[in-house]
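Take a look at the structure below.
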Amino acid sequence: MRNRLLLVDDHPDILAILREHFEDCYDVATASSGADAIEIVVRNRPDVVFLDIAMPGLTGVEVPQVLQRSGAKRSGHYGYCERCSSVPIAGIRDRPERLC
């Protein structure tokens, strides 16, 4: 069984590029908003989530916070934070920094 990867970005062209890059190795799902990402995480429990940080509505920083408050958490990582999420989550940003 292949690992499940969720890609979240509000730009369809970026999602398409990322999907193409990862689809040979992962079962890839995509979401175009933070709200859609939360639904997919709760329903499908992906192994890893890549989040765009700057999105309209729920941002990539807020999504793991909502998941944690909802009780949909297991051990996982968000940037350098080990307490934030139900699955390993990586924030996508144009420069490296501590995310939480």
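The values are calculated or read from the model by the stated rules, or taken from the named source; none is laboratory data. Keep in mind it's a predicted model, so treat the numbers as computed, not measured. Here the Cβ is made from the backbone with ideal geometry for all residues, glycine too, and neighbour counts use every protein chain on show.
Flag set for residue 97, criterion: more than 14 Å from the chain's Cα centre (by Cα), surrounded by fewer than 18 Cβ atoms within 10 Å (Cβ to Cβ) and at pLDDT below 90. A single entry from 20, 82, 39 fulfils the requirement of being modelled with pLDDT under 90, surrounded by fewer than 16 Cβ atoms within 10 Å (Cβ to Cβ), out of contact with any strand residue (DSSP E or B) (no Cβ under 6 Å at 6 or more places or on another chain) and of a type in the set (Asp, Glu): 82. Among the residues making up the range 44-79, a single one is out of contact with any helix residue (DSSP H, G or I) (no Cβ under 7 Å at 6 or more places or on another chain) and at pLDDT 90 or above: 56.
Give me a count of the residues in the range 1-57 that are among the small types (Gly, Ala, Ser) and under 18 Å from residue 70 (Cα atoms). Here the count works out to 5. Collect the residues in the range 28-55 that are outside any loop (DSSP other than H, G, I, E, B) and under 17 Å from residue 14 (Cα atoms), keeping them in residue-number order. If the condition is that a residue be outside any loop (DSSP other than H, G, I, E, B) and under 17 Å from residue 14 (Cα atoms), then 28, 29, 30, 31, 34, 36, 37, 49, 50, 51, 52 are the ones that fit. Taking each residue of the range 10-24 that is among the basic types (Lys, Arg) and looking for partners that are outside any helix (DSSP H, G or I) and surrounded by 13 or more Cβ atoms within 10 Å (Cβ to Cβ) with beta-carbon atoms closer than 7 Å, six or more apart or interchain, yields 19/7; 19/28; 19/30.
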